[in-house]
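Written out below as C-alpha cells is the structure these notes cover.
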Amino acid sequence: MNHGSGAFVIVFIVIVLAIVSMSWTFARSSSILETWARENGYRLLSSEYRWLSKGPYFFRTSKGQTVYRVSVQDAQGRTRSGFVRCGSWIFGLLSDKVDVRWDDEA
C-alpha cells in the first residue's frame, strides 16, 4: 500500500466513525427524550436539537450532553414548551439524566 492510499483509508475510517458517532448521539438522545416524556405522562409534540442556541443551558452544557427545544402535551391536554438537556455532565449520554427548564417557569 502506498502513502496516498494509506491516507485515504485513514480519512475514510475517520468519516465513518464520525457518522456512527453522530447517529448514536441522535438515537440515544431521542430514546432519552421519549422515555422522559412517557415516564412523566407527556406526549412529545415536537423536539428540535439545539446546536448553538441552548437557551438556559448556554455555557452550562458539556460536550457529551444534548439540548432540545420541546413541546409536550400532558394528560389534561395542556401544552408546555421548554428546553431539555439530556445526559449528565461527566457521563454524557451514557447517563439517563434529564433536566428541564419550562418557559412558564422562567
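The values are calculated or read from the model by the stated rules, or taken from the named source; none is laboratory data. Fair warning: this is a prediction, and the values are worked out from it, not measured in the lab. Here Cβ is always computed from backbone atoms with ideal geometry, including for glycine, and neighbour counts include all displayed protein chains.
Remarks
- For segment 16-44, the set of residues classified as closer than 20 Å to Arg101 by Cβ, among the hydroxyl-bearing types (Ser, Thr, Tyr) and either surrounded by fewer than 17 Cβ atoms within 10 Å (Cβ to Cβ) or in contact with a Lys or Arg (Cβ under 9 Å, 6 or more places away or on another chain) (or both) consists of Ser30, Thr35, Tyr42, listed by residue number.
- Counted residues, segment 38-65 - those being in a helix (DSSP H, G or I), under 20 Å from Leu94 (Cβ atoms) and either in contact with a strand residue (DSSP E or B) (Cβ under 7 Å, 6 or more places away or on another chain) or touching a residue at least 24 places away in the same chain (Cβ under 8 Å) (or both): 1
- Residues in segment 72-103 that are of a type in the set (Ser, Thr, Tyr) and within 15 Å of the chain's Cα centre (by Cα): Ser88, Ser95.
- Failed criterion for Gly4 (all others in (1) outside any helix (DSSP H, G or I); (2) at pLDDT below 95; (3) surrounded by fewer than 10 Cβ atoms within 10 Å (Cβ to Cβ); (4) of a type in the set (Gly, Ala, Ser) hold): (1)
- Scan segment 58-85 for residues that are among the polar types (S, T, N, Q) and crowded, with 16+ Cβ neighbours inside 10 Å and the total you get is 4.
- Against the list (1) assigned to a loop (DSSP other than H, G, I, E, B); (2) in contact (Cβ under 8 Å) with a residue 24 or more places away in the chain, the condition Arg101 fails is (1).
- Subset tally (residues that are of a type in the set (A, V, I, L, M, F, W, C) and buried (at least 17 other Cβ atoms within 10 Å of the Cβ)) for segment 86-99: 3
- Any hit, segment 57-67, residues being at pLDDT 95 or above, of a type in the set (Ser, Thr, Tyr) and either over 27 Å from Glu105 (Cβ atoms) or in contact with a Cys (Cβ under 7 Å, 6 or more places away or on another chain) (or both): yes
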